[in-house]
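The values are calculated or read from the model by the stated rules, or taken from the named source; none is laboratory data. Being a predicted model, the structure only gives us computed values, none of them experimental. Cβ coordinates were reconstructed from backbone atoms using ideal geometry, including for glycine residues, and neighbour counts include every protein chain displayed. Side chains are part of the model used for accessible areas, which takes the heavy atoms of the whole protein and leaves out ligands, DNA and RNA. Shrake-Rupley method; radii C 1.70, N 1.55, O 1.52, S 1.80 Å.
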Amino acid sequence: MKLTAQQIVQIEETLVLNGIQYDDIKLELTDHIASEIEEKITVQGISFEVAFHEVFENWKEQLRPTSSHWVGLINSSPKIVLDKWVSTTKQLQLKALLIALVPTLFFAYFFNGKQNKFDYTLLIQIFKTMCLAISLAIIIFKFLIFKSNIKTSFSLYFNKNSTVFFIYLFFYGLGFIPIKLSIWDYGTSLFFILLLSFLLMYSIFCLKLAYQHLQFVKKLKLS
């Protein structure tokens, strides 16, 4: 049995009341829950109201508000949203760290013992330029997301993850926080190359989340 448009709206409204404010997750859950309700009505011969109650009871745990230290304990969301958020954050952090190790290991191998002959001025300027460029990109994407007037899990993850990184990148780019690459301190230089490479890569991955949000909005408007 196919559900009516009014019944689908009732499912969506119940999801919103349970904290599912993000359109991509809401659409996905609405499809799953509607299918489960239709199956119960067809197989068990029960009414929509009874099937609706039983299905949402089964989803109760996934819709329960929860928090995690991975994304900040103050950020409480339905479990299904938070689990995806934590998983995405872990994946992005791991990928950013692994990629950041490449220039760090390159520097460690080729410049160990040669640091007194290496001029860091150009490298520092490259880092500053990249920090400012990504900071500008973050501002532009934040504006475009705000202008879209649509909430998705991608916009949630982007806004929460990029804000702190934007501050660091902006301050590094303008020189308010010094980039300590020094011919006299090889260990500190190595640490800052790893740190800045991680910040840059993680921010780029966050920008990809913003792009995914805009792609979803585009598809939503076309549908």
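Expressed as an acute angle from 0 to 90° and rounded to the nearest 10, what is the orientation of the C-alpha long axis of helix 186-222 relative to the principal long axis of the chain?
Once rounded, the angle reads 30 degrees.
Under a crude label model (7 Å from the Cα following the beta-carbon direction), how far is Ile74 from Phe146 in nanometres?
Modelled inter-label distance: 1.9 nm.
Given contacts defined as C-alpha pairs under 8 Å and at least six residues apart, what's the relative contact order of the stretch 1-89, whole-number percent? Mind dumping the intermediate values first?
Numbers: 77 pairs, mean separation 21.0, N = 89.
With pairs under 8 Å counted, the relative contact order is 24 percent.
For Lys26, give me every one of the aspartates and glutamates with a C-alpha distance below 13 angstrom, ignoring sequence neighbours fewer than eight places off in its own chain.
Within reach: Glu12, Glu13.
What residues qualify as long-range amide H neighbours of Thr66, i.e. H under 5 Å apart, gap of 5 or more or another chain, H built at 1.01 Å from N?
Counting only residues 5 or more places away or on other chains, the set is Ser77, Lys79.
What number, in percent, do you get for the relative contact order of the chain if the mean sequence gap of Cα pairs under 8 Å and at least 6 apart is divided by its residue count?
Values: 217 pairs, mean separation 49.6, N = 223.
Here the relative contact order equals 22 percent.
Can you find, among Cys131, Ile25, Leu82, the residue sitting farthest towards the positive end of the charge dipole of the stretch 10-159, where Lys and Arg contribute +1 and Asp and Glu -1 at Cβ?
Cys131
Of the listed values [x] 1.15; [y] 0.94; [z] 1.02, identify the label whose number matches Rg/Rh (Cα atoms, Kirkwood Rh) calculated from this model.
[x]
Can you tell me the Rg and the Dmax, both Å, for the Cα atoms in the stretch 136-223?
For the stretch 136-223, the Cα radius of gyration and maximum Cα-Cα distance read 16.3, 60 Å.
Extending each Cα 7 Å along its Cβ direction at Glu28 and Val164, get the distance between those two points in nm, one decimal.
2.4
What's the carbon and sulfur percent of the chain's accessible surface, probe 1.4 angstrom, rounded to a whole number? If you can, show how the numbers build up before the last one.
On the way: 8340 of 12970 Å².
Answer for the chain is 64 percent, counting heavy atoms of protein chains only.
What does the helix-only formula give at 222 nm for the chain: each DSSP H stretch with n ≥ 4 adding -39500 (n - 2.57), the total divided by the residues, and the result rounded to the nearest 500 deg cm²/dmol? Provide the component values of the computation, followed by the final result.
Working: 7 runs with 166 residues, N = 223.
Taking each H run of at least 4 residues, the total per residue is -26000 deg cm²/dmol.
Residues of the stretch 123-150 with amide nitrogen under 18 Å from the 7 Å Cα-to-Cβ point of Ile177?
124-139
Pop out the ³J(HN,Hα) list for the stretch 81-88 in order, Karplus 6.51 cos²θ - 1.76 cosθ + 1.60 with θ = phi - 60°, rounded to Hz; leave Gly and Pro as x.
6, 5, 4, 5, 5, 4, 4, 5
Can you tell me how much longer the chain between Gln62 and Lys219 gets when fully stretched, taken as 0.36 nm per residue apart minus their C-alpha distance, in nm with one decimal? Show your work: numbers first, answer last.
Values: separation 157, 0.36 × 157 = 56.52 nm, distance 2.66 nm.
Contour length minus the Cα-Cα distance gives 53.9 nm.
Can you give the angle from 0 to 90° between the axis of helix 153-174 and the longest principal axis of the chain, with both taken from C-alpha atoms, to the nearest 10?
Once rounded, one gets 20 degrees.
Sort out for me the Cα centre separation of the stretch 124-146 from the stretch 40-59, rounded to whole Å.
When both Cα centres are located, 49 Å separates them.
Hey, what angle do you get for helix 48-58 against the long axis of the chain, alpha-carbon based, 0 to 90 degrees rounded to 10?
For 48-58 against the chain, the angle is about 30 degrees.
Would you mind telling me which residue in Phe106, Phe198, Phe171 has the biggest mean-square fluctuation in a Gaussian network model of the chain, where springs connect alpha carbons within a distance under 10 angstrom?
Evaluated over the chain, the most mobile residue of the options is Phe106.
Taking amide hydrogens as modeled 1.01 Å from N in the peptide plane, which residues meet the under 5 Å criterion relative to Ile177, leaving out close sequence neighbours?
For Ile177, the qualifying residues are Tyr172.
What distance in nm separates the two pseudo spin-label positions at Lys84 and Gln10, each 7 Å out from Cα along the beta-carbon direction?
2.5
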